[in-house]
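Structure record follows, encoded as structure tokens.
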């Protein structure tokens, strides 16, 4: 609702979904880019994570050509691909790359209705947890950026 009524950015193209608002917010919030471009997510002593752990941490935002911030969901696809074992067949392997709601819903349905081995179930479950955590983090990022904007406006 707030994205629809109070935050206007041409890059959202009128959309108010997380995936429309987050890239636009990243363009206007230097503090957000600075925080999440450092590898602190899931790192010991950094921002805690239940589903991502890395001794060196994860930097969700990378600077692309021209200084634009990268899409954190693209990073999720990259991490998921890195986790996929070559021994797992295409059907189960592709389920590990969940980076949008439709894929998440399909993966959840697979858990309910398909006869999957335990390894495939665990991969799908893990991918769903990572996707849900990133969606939650995206909401947190948006609120952090808005709070920062309000603080700057009050100063």
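Exposure proxy for 13, 139: other Cβ atoms within 10 Å of each Cβ, ordered fewest to most, give 13, 139. Spacing of the modelled spin labels on residue 139 and residue 64, each 7 Å from Cα toward Cβ, amounts to 2.6 nm.
Ordering 140, 28, 21, 40 from the fewest to the most neighbouring beta carbons within 10 Å gives 140, 28, 40, 21. For region 17-77, the Kirkwood hydrodynamic radius from C-alpha pairs, put into Stokes-Einstein at 25 °C and a viscosity of 0.890 mPa s, yields a diffusion coefficient of 204 µm² per second.
Taking 0.36 nm per residue of separation and subtracting the Cα-Cα distance, full extension of the segment from residue 50 to residue 74 would add 6.7 nm. Modelled label positions at residue 147 and residue 119, each set 7 Å beyond Cα in the direction of Cβ, lie 4.3 nm from each other. Reported to the nearest whole Å, the Cα centre-to-centre distance from region 128-151 to region 18-71 is 10.
Ordering 130, 110 from the fewest to the most neighbouring beta carbons within 10 Å gives 110, 130.
No value in this document is a laboratory result; all are computed from the given coordinates. Keep in mind that what you see is a predicted model, and the values were worked out from it rather than measured. In this analysis, Cβ positions are derived from the backbone assuming ideal geometry, glycine residues included, and neighbour counts consider all displayed protein chains.
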